[in-house]
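The values are calculated or read from the model by the stated rules, or taken from the named source; none is laboratory data. The structure presented is a predicted model; accordingly, all values stated were derived computationally and were not measured. We place every Cβ from the backbone using ideal geometry, glycine too, and count neighbours over all the protein chains shown. Just the protein is used for accessible areas: all its heavy atoms, side chains included, with ligands, DNA and RNA removed. Shrake-Rupley method; radii C 1.70, N 1.55, O 1.52, S 1.80 Å.
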Amino acid sequence: MATAPKTEPDVEAVDLETRIIALCHANPDGVTDVIIQDDMPQFDVKQRVTAINRLLSTGRIDLLKSSSGKLVYKLKDPDAAGLVKGTDQQEKLVYQIIKDSGNKGIWIRDIRYKSNLLLTQVNKILKNLESKKLIKAVKSVAAAKKKVYMLYNLEPDRSVTGGAWYSDQDFESEFVEVLNQQCFKFLEQKALSAQETKIDPIAQRNASFASSEDMWKFISELGISKIQLSVEDIETILDTLIYDGKVEQSIVAKAGGIGDSGQVKLYRYVSPLIPPTGLMRMPCGSCPVSDKCYEGGAISPTTCVYMKQWLDL
């Protein structure tokens, strides 16, 4: 009994598929039908469609919608392909949109706009992806009642969580105040130690400086923080002391460094030469919106939190 001859893909068709893959490699943001046509004018429409359909069916490329609304072909991410195995095209589209948003996440409204799907469809897809632990919903400090979606294994950006100063979307004012006091005490003690040394005034002044990394080590050793603080977090606290006029900053060059990496931020305690006047001690003296403050307005002395705190002292 004769057996049917085994069909093998046409050499020209294989060459076309290879060229489409190479074109996708050269254009990571995706290629359109027009780009493929311009790059390979020797192939007719039927040949291109056949090659593209074969690449789509074998899972080597994906058909996605770009930010401008055009349909583009992209190389399939091997990691993403394994993650979303068994999901339909709509789920893959939503997954890709969320992946592109990175660790800042994306609102459900933007997912709807980019995917052009109904809200009920998007909600169903998000629940499915969450149940498979492919994505997660994270509450944003920018909007208490809204959530952003990102890949499950990503650490949310500080702009989403609020960083070290927020816990469950609540600003940790007491924690910030404790850090503020400890940083000030550290610099004040360093200045006093420098004054006690028998050296010239310039050397005393230089000895009173401390770097943000020194203070970060000091705070870490105190063990007053339940979370791991960064040097940037400590610099944020030090900035508040600068605004209060209690500390001054100096930036010096670091040996062998280039650009920002070649700079060191130094801080030192400063005491005012004369006590501030009564007007400057009250909130109105340094209020940036005092010209918009009036009784019955959005900014009013009656409802001013800073005025109440000042009067309680």
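For region 131-146, taking the residues that are open to solvent by less than 100 Å² (accessible area, probe 1.4 Å) and under 15 Å from residue 98 (Cα atoms), the one that is farthest from the chain's Cα centre (by Cα) is identified as 132. Pairing each residue of region 274-291 that is of a type in the set (Ser, Thr, Tyr) with any residue that is at pLDDT below 70 and not in a loop (DSSP other than H, G, I, E, B), provided the two are 6+ apart or on different chains, yields C-beta distances under 7 Å for 286/280. For region 237-246, state whether one or more residues are at pLDDT below 90, in a loop (DSSP other than H, G, I, E, B) and open to solvent by 90 Å² or more (accessible area, probe 1.4 Å). The answer is yes, given that some residue of region 237-246 is at pLDDT below 90, in a loop (DSSP other than H, G, I, E, B) and open to solvent by 90 Å² or more (accessible area, probe 1.4 Å). Cβ contacts < 9 Å: first residue assigned to a helix (DSSP H, G or I), restricted to region 22-35; second residue open to solvent by less than 70 Å² (accessible area, probe 1.4 Å) and of a type in the set (Gly, Ala, Ser), any location; separation 6+ or different chain. Result? Close Cβ pairs satisfying both conditions: 24/30.
If only residues of region 1-21 that are part of a helix (DSSP H, G or I) and of a type in the set (D, E, K, R) are counted, the one that is modelled with the lowest pLDDT is 12.
Residue-wise test of (1) over 26 Å from the mean Cα position of the chain (by Cα); (2) modelled with pLDDT under 85; (3) not aromatic (Phe, Trp, Tyr); (4) not in a helix (DSSP H, G or I).
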position: 110; (1), (2), (3), (4): no, no, yes, no
position: 129; (1), (2), (3), (4): no, no, yes, no
position: 148; (1), (2), (3), (4): no, no, yes, yes
position: 154; (1), (2), (3), (4): no, yes, yes, yes
position: 177; (1), (2), (3), (4): no, no, yes, no
position: 194; (1), (2), (3), (4): yes, no, yes, no
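The single condition from (1) at pLDDT 80 or above; (2) more than 23 Å from residue 183 (Cβ to Cβ) that residue 262 fails is (1).
Inside region 156-175, residues that are assigned to a helix (DSSP H, G or I) and either open to solvent by 90 Å² or more (accessible area, probe 1.4 Å) or touching a His at 6+ places or on another chain (Cβ under 6 Å) (or both) make up a count of 2.
Pairing residues of region 199-225 that are modelled with pLDDT of 85 or more and open to solvent by 60 Å² or more (accessible area, probe 1.4 Å) with residues that are assigned to a helix (DSSP H, G or I) and aliphatic (A, V, I, L, M), at Cβ distances under 8 Å and at least 6 apart in sequence or on separate chains, gives 205/194; 213/231; 216/231; 216/234. Among the residues of region 83-108, those that are surrounded by 18 or more Cβ atoms within 10 Å (Cβ to Cβ), part of a helix (DSSP H, G or I) and not hydroxyl-bearing (Ser, Thr, Tyr) comprise 83, 91, 92, 93, 94, 96, 97, 98, 99.
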